[in-house]
Amino acid sequence: MPKRESLSERIHALEPHFALAKPEGASRTLKAVILLHGCGGRKPIMDNYAKAVTDAGAAALIVDSYAHRGIGRHVAYATVCTGARLQGRERAGDLYAAFAWLRAQPWCGPVIAAGWSHGSWTIMDALTMESRREGERATGIHDLPDEPLKDLAGAFLVYPYVGPGSLARRKRWRLTPETIAIVGGRDLIVGAKAPMQTLNDLRASGAPIETHLFETATHAFDEGDAKDLRVRYDPALTARAEHLLTQLIERV
């Protein structure tokens, strides 16, 4: 069971590990993108996407979900990546906290939540949980507002995990922000069939999801330093993914 705490306590735990980047010289209201890493933890890939966000004129907030929990890289691969620890619905509390922190900033305008693999799982579960009680039980945060992601403007999902523990695999979204999703046609880690089916089902239930199947993409196709033999870095597809994120920022 997750540790019980208040939303402000979760924000306090996460805030030292936030990495906030703004466009140079920004002095006005900014759109903002929350970036949630995959199960392997915070990697340089997050900084690459953060630069794409700031180049598009928005603020980027990278959230490290492991530092305050004391989860190192090897432990993450052994526990989080296997689903034994910190499933998407529990980690949704980090998304709620980051969203609340951003909305309290005087410069913050519309907010997009972006996630990679486990980060996408987190976003999708956060959009699926049907009530405050369900959210409090899953995240351990005992004083969530009635709608923790009120006015979330968009979601950006890259090679999303929708395995057995995913709520979105069997339930519709409670909130339906404008969404762009990318699925890898050669993804041997989360697959392509289940994510495509889930995204199609969600779209059929009313969620405005634009899905892009990158036919030749593996999992983590945008991770230049990946050491997994199932992963192949593709700079052209990475640039395409960054462009899609830029498009979403422009739309919202």
How much area per residue is accessible in the chain when the probe is 1.4 Å and only protein heavy atoms are counted (Å²)?
43 Å²
Under 30 Å between C-alpha atoms, the lysine pairs in the chain lying 8 or more places apart or on different chains count 20
Do you know the relative contact order of the chain, to the nearest whole percent, from alpha carbon pairs under 8 angstrom that are 6+ apart?
19 percent
Gap in Å between the Cα centre of the range 10-67 and the Cα centre of the range 206-247?
19 Å
Packing-wise, with mean Cβ within 10 Å as the measure, how do 7-14, 32-39 rank, highest first?
32-39, 7-14
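Rounded to the nearest percent, how much of the accessible area of the chain (1.4 Å probe, protein heavy atoms only) is carbon and sulfur? Can you show the working numbers first?
Working: 5480 of 10960 Å².
About 50 percent, which is the carbon plus sulfur part of the accessible surface.
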Suppose we keep just the alpha-carbon trace of the range 1-86; what are its Rg and Dmax in angstrom?
14.7, 44
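Can you tell me the alpha carbon radius of gyration of the range 196-243 divided by the globular rule-of-thumb value 2.2 N^0.38 Å?
1.39
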Peptides 43-53, 112-122, 178-188: what's the order by average Cβ count within 10 Å, highest mean first?
112-122, 178-188, 43-53
Cα-Cα pairs above 31 Å in the chain: how many percent?
15 percent
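At most 14 other Cβ atoms within 10 Å and a DSSP loop assignment: could you name the GluC sites (Glu not before Pro) in the range 187-252 that fit? List each step's numbers first, then the result.
Working: sites: GLU210, GLU215, GLU223, GLU242, GLU250; in loops: GLU215, GLU223.
The qualifying sites are GLU215.
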Cys in the chain lacking any partner Cβ under 4.7 Å -> CYS108
List the trypsin sites (Lys or Arg not before Pro) within the range 107-161 that DSSP assigns to loop and that have no more than 13 neighbouring Cβ atoms inside 10 Å.
LYS150
What number do you get for the range 1-146 when its Cα radius of gyration is normalised by 2.2 N^0.38 Å, N = residues?
1.01
Note on the chain, DSSP bridge orientation, antiparallel percent to nearest 5 equals 10 percent
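The values are calculated or read from the model by the stated rules, or taken from the named source; none is laboratory data. Since we're looking at a predicted model, the values are computed, not measured. Every residue, glycine as well, gets a Cβ built from its backbone with ideal geometry; the counts of neighbours run over all protein chains shown. Heads up: the accessible areas ignore ligands, DNA and RNA and are worked out on the full protein's heavy atoms, side chains in. Shrake-Rupley method; radii C 1.70, N 1.55, O 1.52, S 1.80 Å.
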